[in-house]
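The values are calculated or read from the model by the stated rules, or taken from the named source; none is laboratory data. As the structure is a computational prediction, the values presented were derived from the model and not from experiment. Backbone-built Cβ (ideal geometry, glycine too); neighbour counts: all protein chains shown.
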Amino acid sequence: MTTSTIEQGISIDLIDTPCLLVDMNLVEKNLNKLFSRFRESNVRVRPHLKTVKSPEFAKMLLNAGAAGVCVAKVSEAEVMAEAGIEDILITTEMIGRPKLERLTKLIAAHRQVKVVIDSTVGAHAMQEAAKDAGLKLNVLIELNVGQNRAGVEPGESALNLANEISKQPNLSLIGVQGYEGHLQLLTDESERKRLCAEAMEKLMSTVSLLRKNGHKIDVITTGGTGTSEYCVAGGANEVQPGSFVFMDGAYNRAIGNRYENALTLVATVISKPAANRCVIDAGFKSLSTDSGNAELKSHPNITYRPAGDEHGILESTSGPLSLKIGDRVELIPSHIDTTVNLHDYYYCHRDGKIEHIWQLTARGKVQ
Ligand SMILES: Cc1ncc(COP(=O)(O)O)c(C=O)c1O
């Protein structure tokens, strides 16, 4: 069956492979778990859509209680805004004329889109673009709280940047973003908690400094699936987790089974050249490997490794394989964001029956 001929209610066994299979019962369980953690506090949950890359899942998150969403790129923001999602934070610096023109065009139609800045060069370019478009843009300062990726240094450097932003008539500083991405996958939970407290100390002491100098910092946003609770304990009033919706192998290793593996890749055994080895129709083009190889669900004694773009090898570590040609297997991706980006559709099911086929309209949006 091809995607266009699949009907609601058919068995998941009739879908062609390789494909992304999403268990909606488990997604709902993950959403309930995460949102109930933050419901009691005054913290806003602004999930990062770099995981789901789909307006339908974004709307599910908003219905579950999300206050808004994050995206990494302006092209992703365009997809979400087009689908009717208004409150969007773009978490990556917007640099270069083509990007800024695209951004101001988007914001002219969707005023709740906001962006981060980490340099005076970025602030001046943003000011020019906003002035040309006749807009006032809401911006957040991105701080480096230890990941050593983007972000201005906390303390005086951040204050200098805040002072410079406040001189720009078409920019309005509304908050700060820190992101402790280096801590998300730390397997030692007490170490993750301790280092996150240190990162939050950098964030909050800078917030105090900025406020003391007259800057109105309403939004303190940060946090991923592995750290959001600790960020809130440290003073953040908004969290940005993304991976919790589907989970993946890397997060399983780091935080255990706090959330369910709601997404698997289904593949078919297409060849069995040896008793302990078979070949499936899923290689580099179906499963990302930046966080290692995917794992076969429910078969701890069978390993998976890619064997080219379209082939993967399953090998038994304990004698002959019971799998035969034509059998279907489910794999848990090692890194959900980069795996999802390889596919066009989600095949969403409940109890083995297809409920939706949702297109990944924000996949491949790198600009
Ligand atoms: C700025 C930012 N916020 C939040 C997240 C979400 O993190 P996770 O998917 O680990 O929950 C990411 C992920 O890379 C990120 O880059």
Item to check | Number of positions in the range 232-274 that are part of a loop (DSSP other than H, G, I, E, B) and of a type in the set (Asp, Glu) | outcome: 2
Checklist entry - Are any of the residues in the range 207-223 within 16 Å of the ligand (Cβ to nearest atom), part of a loop (DSSP other than H, G, I, E, B) and in contact with a Pro (Cβ under 9 Å, 6 or more places away or on another chain)? => result yes
Next on the checklist: Just to be sure before I move on: is Ala362 surrounded by 19 or more Cβ atoms within 10 Å (Cβ to Cβ), part of a loop (DSSP other than H, G, I, E, B) and in contact with a Lys or Arg (Cβ under 6 Å, 6 or more places away or on another chain) in the structure I sent?
Outcome noted: yes
Next on the checklist: Given the criteria under 15 Å from the mean Cα position of the chain (by Cα) and hydrophobic (A, V, I, L, M, F, W, C), does Ala67 qualify?
Outcome noted: no
Item to check | Test: Ala275 is assigned by TED's automatic domain parsing to the domain that holds Ala72, surrounded by fewer than 17 Cβ atoms within 10 Å (Cβ to Cβ), farther than 20 Å from Cys348 by Cα and away from the ligand (no atom under 13 Å from the Cβ) | outcome: no
Checklist outcome for this item: Output for Cβ contacts, cut-off 9 Å, separation at least six or different chains, first residue exposed (fewer than 14 other Cβ atoms within 10 Å of the Cβ) and outside any helix (DSSP H, G or I) in the range 21-50, second modelled with pLDDT of 95 or more and of a type in the set (Val, Ile, Thr), reads Ser41/Val232
